[in-house]
Amino acid sequence: DVVVCGRTLPDLEKVASEISRLGRRSLAVQTDVSNRGDAAKLIDRTVKELGAIDILVNNAMVDGRYPILKAPEDVWDKLMTVGLKGYFLCSQAAVRVMREQKKGNIINIGSVLGFMASSMAPHYCAAKAALAHLTKVHALEWARYNINVNCIAPGFFKTDMTKQQQEEEGHRKFLNFKIPFKRLGEPDELVPTAIFLASGAASYITGAVVTVDGGYTVW
């Protein structure tokens, strides 16, 4: 059973309908993850309607590519608020329930840019680096409640956020040079890692940052 959340309700309802057609219960909850009240309401409704929360996947982020000297202050604020504070607030709200259950699993979606530098994405790099470390801190703090906290660090995938890189010939050639598999990842190629980390097979794994990048960070 899956709860999907985000700011655009029609998109959420579409995904929830797809899940329901597969025979599982699904809720669409309009949520601004950077708002403490919204994060709390999301968890409360999940527990009220589904009875528990076993797995939380933190995946919210916004784009913002600027070199440092040209970067507006509001872009920094937005990336940090959504891509770091939002993860903290949702995790905090979920753990208040998980600790009573004496089990739980949190998966943060980070990025290889959390430990690699990009002059065109300094805000994004900083947020994802902080998230990788926050994952470790939360793993240490919440192990006493039998809660696993891990992070997936994708490389470059075919998503709306990387559309510009896909369309720019120079950037596309650079990525094909840097990625040993000579292609961007397909979103479905992230699924097995998420399922593994959410399953009992990963019961002794916590505080890990798992790269899924086609070998991009091998260089």
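A short reminder: the numbers here are calculations on the coordinates, not readings from a lab. If you're wondering where the values come from, they're calculated on a predicted model, not measured in any experiment. Cβ sites come from the backbone with ideal geometry, for glycine too, and all protein chains shown count toward neighbours.
Taking a ≥ b ≥ c as the square roots of the eigenvalues of the Cα gyration tensor, an a/c ratio of 1.5 or more together with a/b larger than b/c marks the range 105-219 as prolate. Helix-only arithmetic for the chain: the sum of -39500 (n - 2.57) across DSSP H runs with n ≥ 4, divided by the residue total, places the mean residue ellipticity at 222 nm at -13500 deg cm²/dmol. Near Tyr124: Cβ cut-off under 12 Å, other residues only, Lys/Arg at +1 and Asp/Glu at -1. The net charge is +2. Picking from Leu56, Pro67, Cys125, whose Cα lies most toward the positive end of the charge dipole for the range 12-125 (charges on Cβ: Lys, Arg +1; Asp, Glu -1)? The residue sitting farthest along the positive end of the dipole is Leu56. A cut-off of 5 Å between modelled amide H atoms, ignoring neighbours fewer than 5 places along the same chain, links Asn58 with Ile107, Asn108, Ile109. Take the cross-link list Lys48/Lys85; Lys14/Lys48; Lys70/Lys158; Lys85/Lys136 and give me the ones stretching past 18 Å between alpha-carbons. The answer is Lys48/Lys85; Lys14/Lys48; Lys70/Lys158. For the range 71-219, the Cβ-based charge dipole about the Cα centre amounts to some 460 debye (Lys, Arg positive; Asp, Glu negative; other atoms uncharged). How tilted is helix 36-50 with respect to the longest principal axis of the chain? Cα atoms for both, answer in degrees (0 to 90, nearest 10). So the helix axis and the longest Cα principal axis differ by about 50 degrees.
Here the range 116-170 is treated with +1 on each Lys and Arg Cβ and -1 on each Asp and Glu Cβ, and its dipole about the Cα centre works out to around 340 debye.
Amide hydrogen proximity for Asp213: with H placed 1.01 Å from N in the peptide plane, the residues at 5 or more positions away or on another chain lying under 5 Å are Gly155. Packing, taken as the mean count of other beta carbons within 10 Å per residue, orders the peptides 194-200, 3-9 from highest to lowest as 3-9, 194-200.
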